[in-house]
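Shown next, in structure tokens, is the structure this report addresses.
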Amino acid sequence: MENTVKDPQKLPGWGIDANPENDPTYPMRERMNVSQDPDSKHRPDALQPVDIELLKTIERPNVSAVFGEAAPPTGLSGMIRRFAFNYSESHYGHWLPLLLADRVNVVEGVLEDLAHGHVPNIFAEKGYKVEWEHNRTAFVTKMATIALVTTGAILLLTRDKDKDYKRKKNSYKLR
Amino acid sequence: MLAMDYRGPKRVRATQKPMPEIKHPQDAIVRVTRSCICGSDLHLYNGNVPDTRVGSTFGHEFCGIVEEVGPEVTKVKVGDHVIVPFNVACGECHFCKQGMFGNCHESNTQSSAVGGIFGYSHTAGGYNGGQAEYARVPYANVGPTVIPEGMDPDDAVLLTDVVPTGYQAAEMAGIQPGDTVVVFGAGPVGIMAARCCWLFGAGRVIIIDKEDYRLEFARNYANCEAYNFEKDMDDPVVFVKKTTDFMGADCVIDAVGAEAAGNAMQTITGRKLLLQAGSTTALHWAINSVKKGGVVSIVGVYGPTDNLVPIGNVLNKGLTIRANQASVKRLLPRLIDHVQNGIIKPKELITHRIPLEEVADGYRMFAAKLDNCIKPLIVFPTKI
């Protein structure tokens, strides 16, 4: 690959937006004439009704005029999220529980699917079809690693502890 | 309606969901005609953005046809085909009045740092996004902009985020005619940023990434120099210094954000263990390779503050290191002109068209950089 650059000044639009004053993008208070905005606390006339459970940052006094309702807090993850919103965005207590809640929420999502009689198709949801088509070696390596780790974990968890104990005991006897 | 449905890290599907409803007098319901998967969506997809709840629909890059409007909507009407900027912005608050539509104070209850963003977790307002047949669009008098006569919707959909973000990255870099600019990251935004640097009169533009196919694309699309940090150099910072007569670049753009490769420690602590705001490798390189008195422009998205510096909030709040979410609405008139005059050709970025039903494959393809994917476009059953 060669880095041969054509004369940039012949490119369409070269220098078309050059700003002779090199004016920073922000703050734009002077440019937009709002440096002493008397209406800085202005709120829209209409507010979206709060008809769902909405978690609110403690860094502002009110609810914004509109908000999303993608997935209100539910279950154990919801409890963790409510706890997180006791802390400001400047605190570990806010972000770390939210990350934990997200992971708990994934398990809740699977359980919810099963409760509705739907077995999630993990293979399809992870888009493994295209990985198989376009990146087969990496895909096979990944699957083999997962299988190996899973088998190892199962063997470790299901090993016969009595047998281990007896083996140890016998080895003591031999001494 | 059919919609993308987040089920957990690296798990999504298309599923039937209830139709969105008008919740506020300035709401509109839009039937989506084009929607993209954005590099920023991959932060959500990988489970790196806190408060990304199972059941959410992603998608902040979309355009569509207005199907229904609230009683106070006057600027668009049913039947208009509109570009929907990724920011949810009221247009009237203290910040919107400064053109900071990415920092609206009346669109996000769940965080004070970032404004509302479609389909971008509850941290960004909890809105469902446009990777769905229909989407609720609040403040329809402010954001949605009618696609001009004759503009290809494939061009229009990229004006919702990629083009303005790339353009604003170059704008914030404060480029003086003749300046040398380094762009870290050859994803769609980095490529667009490199292209836009020329519009501000750059004298030399260098883009650095680790994927050869993206570098080749950038070299052709943005007419810039392109280098692979794994193959062409030992250390990107030293490379930039050497190639700028040991001064450093005049301006550096970080178009990577939290998913940066190139540093094992950052990858483990930032991307895998989530102990800091993602991997900040590109930001380190940007700060260290710019010259003294130079400008670092950040558009790469970073996570929250489990480390010492809340760099994500520097971006989200638009603080003066020159970093911000793009203020799409402010930039749209000029960018529409550029597209119509053939100066910027956004749709050339689109490399893949994925049916909504196969959205999981689209995410996997984009995230794993399969099949030389630069920009995937989601297509809908009724193509317009």
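The values are calculated or read from the model by the stated rules, or taken from the named source; none is laboratory data. Fair warning: this is a prediction, and the values are worked out from it, not measured in the lab. All Cβ positions, even for glycine, are placed from backbone atoms using ideal geometry, and neighbour counts span all protein chains on display. Note: accessible area is taken over every heavy atom of the protein model, side chains too, but ligands, DNA and RNA are not part of it. Shrake-Rupley method; radii C 1.70, N 1.55, O 1.52, S 1.80 Å.
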Q. What do the square roots of 5 times the Cα gyration tensor eigenvalues come to for region B:222-305, in whole Å, largest first, as semi-axes of the equivalent ellipsoid?
A. 23, 14, 11
Q | Shape call, region A:84-139: gyration tensor on alpha carbons, a/c limit 1.5 | A | oblate
Q: Quantify how strongly other chains surround peptide B:193-202 by giving the mean number of their Cβ atoms within 10 Å of each of its Cβ atoms.
A: 4
Q) What's the angle, to the nearest 10 degrees (0 to 90), between helix B:162-172's Cα axis and the longest principal axis of chain B? A) 50 degrees
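Report, in deg cm²/dmol and to the nearest 500, the calculated mean residue ellipticity at 222 nm for the protein assembly as shown, where each DSSP H run with n ≥ 4 adds -39500 (n - 2.57) and the sum is divided by the residue count. Can you show the working numbers first?
Working: 16 runs with 173 residues, N = 559.
Roughly -9500 deg cm²/dmol at 222 nm, from the helical runs in the protein assembly as shown.
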Q.
Relative contact order of region A:53-120, please, whole-number percent, based on alpha carbon pairs below 8 angstrom and at least 6 residues apart.
A. 27 percent
(Q) With just the Cα atoms defining each centre, how far is region B:199-236 from region B:95-109? Give it in Å. (A) 34 Å
**Q.** Shielding by partners, peptide B:122-131 (average Cβ within 10 angstrom, other chains)
**A.** 4
Q: Take every DSSP beta bridge with both residues inside region B:165-323 and express the antiparallel ones as a percent of the total, to the nearest 5.
A: 0 percent
(Q) Spelling out what I want: for every residue of region A:126-137, take phi, set θ = phi - 60°, compute 6.51 cos²θ - 1.76 cosθ + 1.60 (Karplus), and round to whole Hz; glycine and proline get x. (A) 8, x, 5, 4, 6, 4, 4, 6, 10, 8, 4, 4
Q. Just how far, in whole angstrom, is region A:120-156 from region B:1-27 if you go by their alpha carbon centroids?
A. 28 Å
**Q.** Assigned charges on the beta-carbon of Lys, Arg, Asp, Glu; region B:35-92 dipole about Cα centre (debye)
**A.** 80 debye
Q: Would you check the accessible area of B:Ser121, probe 1.4 Å, heavy atoms only, in square angstrom rounded to 10?
A: 10 Å²
Q: Can you tell me the alpha carbon radius of gyration of the protein assembly as shown divided by the globular rule-of-thumb value 2.2 N^0.38 Å?
A: 0.99
Q | Convex hull of chain B built on C-alpha atoms - directionally averaged projected area, nm² | A | 16.9 nm²
Q. With all protein chains present and a 1.4 Å probe, how do B:Asp235, B:Asp5 order by accessible area, largest first?
A. B:Asp235, B:Asp5
Q: Obtain the nm distance between the two label points defined at B:Lys231 and A:Arg159 by a simple spin-label model: each point lies 7 Å from its Cα along the Cα-to-C-beta direction.
A: 4.6 nm
Q | Distant-in-sequence amide H partners of B:Arg353 (H built 1.01 Å from N, under 5 Å) | A | B:Leu377
Q | Kirkwood Rh in Å, taken over region B:56-192 so that all alpha-carbon pairs contribute | A | 16.0 Å
(Q) Given an 8 Å cut-off on Cα distances and at least 6 residues of separation, report the relative contact order of chain B as a percent. (A) 17 percent
Q: Please tell me the relative contact order of region B:165-323 in percent, rounded to the nearest whole number, where contacts are Cα pairs under 8 Å and at least six residues apart.
A: 22 percent
Q. Which whole number gives the average count of other chain Cβ atoms within 10 Å of the Cβ atoms across peptide A:118-127?
A. 6
Q.
What's the ranking of B:262-275, A:90-103 by average number of surrounding C-beta atoms within 10 Å, highest first?
A. A:90-103, B:262-275
**Q.** region B:165-323 - Rg over Rh from alpha carbon coordinates, Kirkwood radius
**A.** 0.94
**Q.** Too-long pairs where the Cα-Cα distance tops 32 Å, listed order kept, from B:Lys17/B:Lys347; B:Lys10/B:Lys291; A:Lys142/B:Lys291
**A.** B:Lys10/B:Lys291; A:Lys142/B:Lys291
Q: Would you please give the residues with an amide H less than 5 Å from that of A:Thr57, counting only those at least 5 places away or on a separate chain, with H modeled from the backbone geometry?
A: B:Gln110, B:Ser111
Q | On Cα atoms only, tilt of B:212-222 relative to the major axis of chain B in degrees | A | 80 degrees
**Q.** Karplus 3J(HN,Hα) series, Hz, for region A:89-104 with 6.51 cos²θ - 1.76 cosθ + 1.60 (x for Gly, Pro)
**A.** 6, 9, 10, 3, x, 8, 7, 5, x, 5, 5, 5, 4, 4, 5, 4
Q.
If DNA, RNA and ligands are ignored and the probe is 1.4 Å, what is the ranking of B:Lys375, B:Lys10, A:Lys41 by accessible area, most exposed first?
A. A:Lys41, B:Lys10, B:Lys375
(Q) Only four residue types carry charge here, +1 at the Cβ of Lys and Arg and -1 at the Cβ of Asp and Glu. Report the dipole size of the protein assembly as shown about the Cα centre in Debye, rounded to the nearest 20. (A) 2260 debye
